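One structure is given below, encoded as structure tokens.
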Amino acid sequence: MKESIAALKKEFPMLGASFTGRRMVYLDSACTVLKLKCAADEQRRHMLELGGCGGKRSSHALAAAMEENFYAARSRVASFMGAESPEEIIFTSGVTDAANLLANSFPFTPDRNEVVLSPVEHNAVFLPFERLAAAGRIKLRVAPMDGFKTDMAGLGKLIGRRTALVCLTHASNIFGGSEDIAAAADLAHKAGACLFSDDAQYAATHGGSAAPHGADACAFSGHKLGAPYCTGALYVRRGLMAKLRPWRVGGGTMEDVSFSGGRYKVKYLGNYQGFEAGVQNASGAAALAVTLDRLEKCGFAAIRAHVSGLVDAALTGLAGVKGVKVLGRREDLLEGSLISIAPEKKNFSVPDFNLFLNQGLKGRFIAVRTGRHCADLACLASGYRETIRISFFAYNTAEDAAFFVEALKKYLSLI
Ligand SMILES: Cc1ncc(COP(=O)(O)O)c(C=O)c1O
């Protein structure tokens with residue numbers, strides 16, 4: 001029997017914490033989820049009871065225990081992401097790290113050197129490929145928008161025989177909802193290309209990754225699930241992993257080195273081992289595994305239903321508010337975990353409103369995110385350069401959403 005959302009809520013010590021004398025109403029989980037107590041406990045336990053050198057370097061009993069623990073975390077992440085094997089999991093410090101690694105390791109060829117991006121890619125995905133394009137190593141194409149989602153027909157038109165990789169974020173961090181990974185994977189595969197999906201906004205509120213939907217590679221960040229910062233993973237399908245060229249290299253990535261004909265020849269290790277250079281964040285990986293266990297205890301189906309209910313409640317509250325525009329269609333937004341709102345009333349200043357949320361409410365402040373949300377492609381394509389984003393996780397309540405709506409109405413009445 002699964003535990004209730006109410007029981008899970010008790011696991012977040014920062015919920016309702018006070019800062020500068022005001023109690024926090026946290027509506028910024030798309031940026032980062034408040035941290036789970038069990039994750040902090042596990043990281044501490046791991047550092048104090050297991051903190052030794054990884055088994056790949058040393059071969060004493062502590063090192064073996066460390067390595068066993070690290071591999072167990074890899075297996076846990078593999079099952080969460082729906083990978084066929086733990087060997088398909090590369091530990092990273094998050095999606096930014098994963099996207100940089102994939103971009104710089106990808107086997108582009110002169111005949112296949114085009115990357116097609118959706119218009120809702122986060123800068124974490126856009127910028128690594130933009131850099132390669134600026135250096136003349138690849139050609140970048142960006143699909144158009146259809147309302148506040150990716151225009152899938154438009155995406156399809158850009159994919160051709162020169163396309164090496166298609167990137168489609170699973171759930172947008174600016175316009176919410178979720179994207180059709182299976183359809184994009186189909187389009188990419190029919191052209192002989194691969195599909196990468198960014199699961200940063202999907203993993204916590206849907207559970208799992210884009211791998212079972214046909215993605216060849218996908219990634220998530222642990223801090224967006226309540227695990228420690230600088231944890232996360234990149235899944236790469238076994239066949240593709242074998243073709244990647246290790247990019248971030250160093251200790252632990254190499255099988256052998258020889259010297260002949262005046263140069264060194266380095267043979268890198270296969271699978272994830274060729275990509276995890278240097279001593280790894282083993283305590284973070286252990287805490288990430290515990291985080292996944294803890295959330296599974298409640299179940300991602302229950303988390304999904306709860307978050308969708310909060311989006312629904314917030315949309316209902318916002319429906320009658322004049323002076324702002326909710327971006328996106330209700331049926332799309334219910335598939336996600338966040339809502340972006342654009343000001344329409346003259347004199348509405350987003351920084352001023354943010355100040356009001358932090359300093360203008362009696363005894364409380366509301367944490368939201370304002371600005372471009374590191375989604376510059378989507379801002380350019382949609383024309384919305386500045387939005388107010390409210391985002392939800394398992395610990396939020398309909399009262400949190402209602403409190404925000406009331407604060408918004410109050411601000412509008414003051415300007
Ligand atoms: C959709 C999306 N992708 C990527 C990232 C980058 O994640 P990280 O900073 O954990 O690497 C974020 C973070 O906000 C995001 O929302």
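Only one of the numbered conditions (1) in contact with a strand residue (DSSP E or B) (Cβ under 7 Å, 6 or more places away or on another chain); (2) at pLDDT below 95; (3) not hydrophobic (A, V, I, L, M, F, W, C) is violated by Gly270, and that is (1). Of the numbered criteria (1) free of Cβ contacts under 8 Å to residues at least 40 places away in the same chain; (2) not in a loop (DSSP other than H, G, I, E, B), the one Gly278 fails is (2).
Among the residues of the stretch 1-50, just one is within 16 Å of the ligand (Cβ to nearest atom) and more than 26 Å from Leu357 (Cα to Cα), namely Ala39.
Matching residues to (1) assigned by TED's automatic domain parsing to the domain that holds Asn173; (2) in contact (Cβ under 8 Å) with a residue 24 or more places away in the chain; (3) away from the ligand (no atom under 16 Å from the Cβ):
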| residue | (1), (2), (3) |
| --- | --- |
| Met66 | yes, yes, yes |
| Ala73 | yes, yes, yes |
| Ala83 | yes, yes, yes |
| Glu87 | yes, yes, yes |
| Thr92 | yes, yes, no |
| Ala98 | yes, yes, no |
| Ser105 | yes, yes, yes |
| Pro110 | yes, no, yes |
| Pro119 | yes, yes, no |
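Residues in the stretch 128-145 that are more than 17 Å from Asp198 (Cβ to Cβ) and not in a helix (DSSP H, G or I): Ala135, Gly136, Arg137, Ile138, Lys139, Arg141, Pro144.
Of all the listed residues (Gly239, Gly192, Gly222, Gly214), the sole one being closer than 29 Å to Leu334 by Cβ, away from the ligand (no atom under 16 Å from the Cβ) and not hydrophobic (A, V, I, L, M, F, W, C) is Gly214. Candidates are the residues of the stretch 20-36 that are more than 21 Å from the chain's Cα centre (by Cα) and modelled with pLDDT of 95 or more; the one that is surrounded by the fewest Cβ atoms within 10 Å (Cβ to Cβ) is Arg23. When Cys230 is tested against (1) at pLDDT 95 or above; (2) crowded, with 17+ Cβ neighbours inside 10 Å; (3) not charged (D, E, K, R), exactly one condition is not met: (2).
The values are calculated or read from the model by the stated rules, or taken from the named source; none is laboratory data. None of these values were measured; they are calculated from a predicted model. Cβ atoms come from the backbone with ideal geometry, glycine included; neighbour counts cover every protein chain shown.
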